[in-house]
Amino acid sequence: GQQEGAISATTSASICIYFAGDVTINGGIVSAESTNETTNSCYGILVDGTLTINGGTVSGKSNGQGICGSTIIIRDGNVSGTGSNFGISSAAIPTVINPLLITGGHVCGVGDKYGIDARGDINITGGQIEATGGTDEDCAGMSSGDGDIILGWTNPTDYILANSYYVKTG
């Protein structure tokens, strides 16, 4: 059979794992942490293209963004992002309005500002989703800029837990 691999990386640099294009993770374990405390412009995992996760265990942690992509598509797996700004965010290119799509898996985003954030639509049609953000006025568990938050489920075991929702406009 095919053996799954593992990548575990920790760095004091501001970006732990960086991809300049599209990336698809189909399984295995990817764990990335930036321990840099000098700036909140840090990333556990940063993808300037589309990050697609079809399975496996993926975790990103930093003093800024845990997992950040231009577009994020999560179909399955155990995905966790933790950051002092954003846990999981599809705002890698702030001037581009890109979605964050979740159709399955266990997805947990924890951020001091936003747990799960998109610079466009957040569209959830399945999975077990947990989004925890800060409690200040401009913070939320789930946040969308220039888009909508569309929530749904497919299986009886699916759920969405968020401490709050925020749609930014303008």
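Go through ILE7, ILE45, ILE17 for me and flag whichever is assigned to a strand (DSSP E or B), open to solvent by 30 Å² or more (accessible area, probe 1.4 Å) and on the phi < 0 side of the Ramachandran plot.
Exactly one of ILE7, ILE45, ILE17 is assigned to a strand (DSSP E or B), open to solvent by 30 Å² or more (accessible area, probe 1.4 Å) and on the phi < 0 side of the Ramachandran plot, namely ILE7.
Identify, by number, the condition in (1) hydroxyl-bearing (Ser, Thr, Tyr); (2) closer than 15 Å to THR52 by Cα; (3) at pLDDT 95 or above that SER70 doesn't meet.
In the conditions (1) hydroxyl-bearing (Ser, Thr, Tyr); (2) closer than 15 Å to THR52 by Cα; (3) at pLDDT 95 or above, SER70 misses (3) alone.
Would you please list the contacts, defined by Cβ atoms under 7 Å and residues six or more apart or on different chains, that run from a residue in region 138-165 that is over 27 Å from PRO94 (Cβ atoms) to a residue that is assigned to a loop (DSSP other than H, G, I, E, B) and at pLDDT 95 or above?
If the second residue must be assigned to a loop (DSSP other than H, G, I, E, B) and at pLDDT 95 or above, the pairs left are GLY152/THR125; TRP153/GLY126; THR154/THR125; THR154/GLY126; ASN155/GLY126; ASP158/GLY126; ASP158/GLY127.
Could you check CYS108 against (1) surrounded by fewer than 17 Cβ atoms within 10 Å (Cβ to Cβ); (2) within 18 Å of GLY134 (Cβ to Cβ) and say which number it fails?
(1)
Tell me, which residue of region 1-47 that is farther than 18 Å from THR71 by Cβ and charged (D, E, K, R) is modelled with the lowest pLDDT?
Here the residue is GLU4.
Does region 20-32 contain any residue that is touching a residue at least 40 places away in the same chain (Cβ under 8 Å), of a type outside the set (Val, Ile, Thr), part of a strand (DSSP E or B) and open to solvent by 20 Å² or more (accessible area, probe 1.4 Å)?
So far as region 20-32 goes, no, none of its residues is touching a residue at least 40 places away in the same chain (Cβ under 8 Å), of a type outside the set (Val, Ile, Thr), part of a strand (DSSP E or B) and open to solvent by 20 Å² or more (accessible area, probe 1.4 Å).
Using the structure shown, decide if ASN123 is in a loop (DSSP other than H, G, I, E, B) and either open to solvent by 20 Å² or more (accessible area, probe 1.4 Å) or in contact with a Lys or Arg (Cβ under 8 Å, 6 or more places away or on another chain) (or both).
No.
Suppose the filter is over 18 Å from LEU46 (Cα atoms), among the charged types (D, E, K, R) and either open to solvent by less than 60 Å² (accessible area, probe 1.4 Å) or assigned to a strand (DSSP E or B) (or both); does GLU130 pass it?
So GLU130 passes the test.
The values are calculated or read from the model by the stated rules, or taken from the named source; none is laboratory data. None of these values were measured; they are calculated from a predicted model. Neighbour counts are summed over all protein chains in view; Cβ atoms, including those assigned to glycine, are modelled from backbone coordinates with ideal geometry. Note: accessible area is taken over every heavy atom of the protein model, side chains too, but ligands, DNA and RNA are not part of it. Shrake-Rupley method; radii C 1.70, N 1.55, O 1.52, S 1.80 Å.
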